[in-house]
Structure formats: structure tokens, C-alpha cells
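The values are calculated or read from the model by the stated rules, or taken from the named source; none is laboratory data. These numbers were taken from a predicted model, which means no experiment stands behind them. So basically every Cβ, Gly included, is an ideal-geometry build from the backbone, and we count neighbours across all protein chains shown.
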Amino acid sequence: MTELARLSFSIEKPLLERLEKLLKLSKYANRSEFIRDMIRQQLVGREWDTDQQILGTVTLLYNHDLHKLSEKLTELQHHHHQNILVSTHVHLDKHLCAEVLLVKGRARQIRQLANKLRQQKGVLHAALSISSTGKSLA
């Protein structure tokens, strides 16, 4: 098990009250685990800021009836095949599709891919979710 260190810090009372509310809402067992997760989230964000090798997902919602949209999205994915680990496609109804791409690569490359996909006419929503390869979190 990793060696633990005990910390003590000062915090304004109104901010502490907000922290306590967040803890209750999130159902963390204790403050320590909540703070560890906040730190990890900051570390993941830094990975994206420094253009390291990262992991993420791109979620798309689009109308497949729009002329050539499916072909354009597929073409873009083929062009970035080195960054796409897996793709899942779901038919939501007669016209709408959702697609989730698990992506890995430099943060800059992944942002560019997400933006290119998002900019296609007929894409109703596109979201990039950032994560980490985990190497810097261990």
C-alpha cells in the first residue's frame, strides 16, 4: 500500500460548508477521498494542457438522414484511425444516431479530431470527455 501523509489546511468557513454539501451530494465516504479525486482531476487537466499522450471519448449525436453526413464522419474517422481505439454506433430512432469514440493520442490531435467532427453539418451535439492514460496518476 502507498505510504499516506497527513495534511492540515485552513479554509474559510463558507467554503468549508460548501465542501460539506458537495461531500453529501457526491456520497464520498470521507473528505480525503474527495480531495484525492479533485487533485487527480487537476492532474488530468494538466496532461491535456501540456499535450501529453491522453485518453478520452468523443460523443456525437447526429441526424443520419442528412446528405452524406455518415460518409463524412466515417471519412474523418478513417483519416484519424491512429487515434481511434474503438467506435460504438447506436440508432436512437428512425433518424437520430449516437456514436462514441474512444480516442488516444496527443491532446492537440484529439481536440482537432473532436472539432472536425463537431463542425459537420447535421451533428446536433458533440462532446469531448477528457481522461488520462493513468501513467501520471499512479
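In table form, for the structure just shown:
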read-out: Residue match in segment 102-115 (condition: more than 15 Å from G56 (Cβ to Cβ), β-branched (V, I, T) and either assigned to a strand (DSSP E or B) or modelled with pLDDT under 95 (or both)); value: no
read-out: Output for segment 19-62, where each listed residue is among the basic types (K, R) and under 30 Å from Q112 (Cα atoms); value: R40, R46
read-out: Every pair of residues 6+ apart whose Cβ atoms lie under 7 Å, when the first sits in segment 77-95 and is under 24 Å from I130 (Cβ atoms) and of a type in the set (V, I, T) while the second is at pLDDT 95 or above and part of a helix (DSSP H, G or I); value: I84/Q77
read-out: Every pair of residues 6+ apart whose Cβ atoms lie under 7 Å, when the first sits in segment 117-132 and is under 17 Å from L55 (Cβ atoms) and free of Cβ contacts under 8 Å to residues at least 12 places away in the same chain while the second is of a type in the set (K, R) and exposed (fewer than 15 other Cβ atoms within 10 Å of the Cβ); value: none
read-out: Candidate set from segment 65-81 (those that are of a type in the set (A, V, I, L, M, F, W, C) and crowded, with 17+ Cβ neighbours inside 10 Å); member that is nearest to the chain's Cα centre (by Cα); value: L73
read-out: Residue identified as part of a strand (DSSP E or B) and small (G, A, S) among S136, S129; value: S129
read-out: Selection count, segment 90-123, where residues are exposed (fewer than 15 other Cβ atoms within 10 Å of the Cβ) and more than 18 Å from the chain's Cα centre (by Cα); value: 9
read-out: Cβ pairs under 6 Å, 6+ apart, first in segment 97-112 and more than 15 Å from H78 (Cα to Cα) and small (G, A, S), second in a helix (DSSP H, G or I) and at pLDDT below 95; value: A107/W48
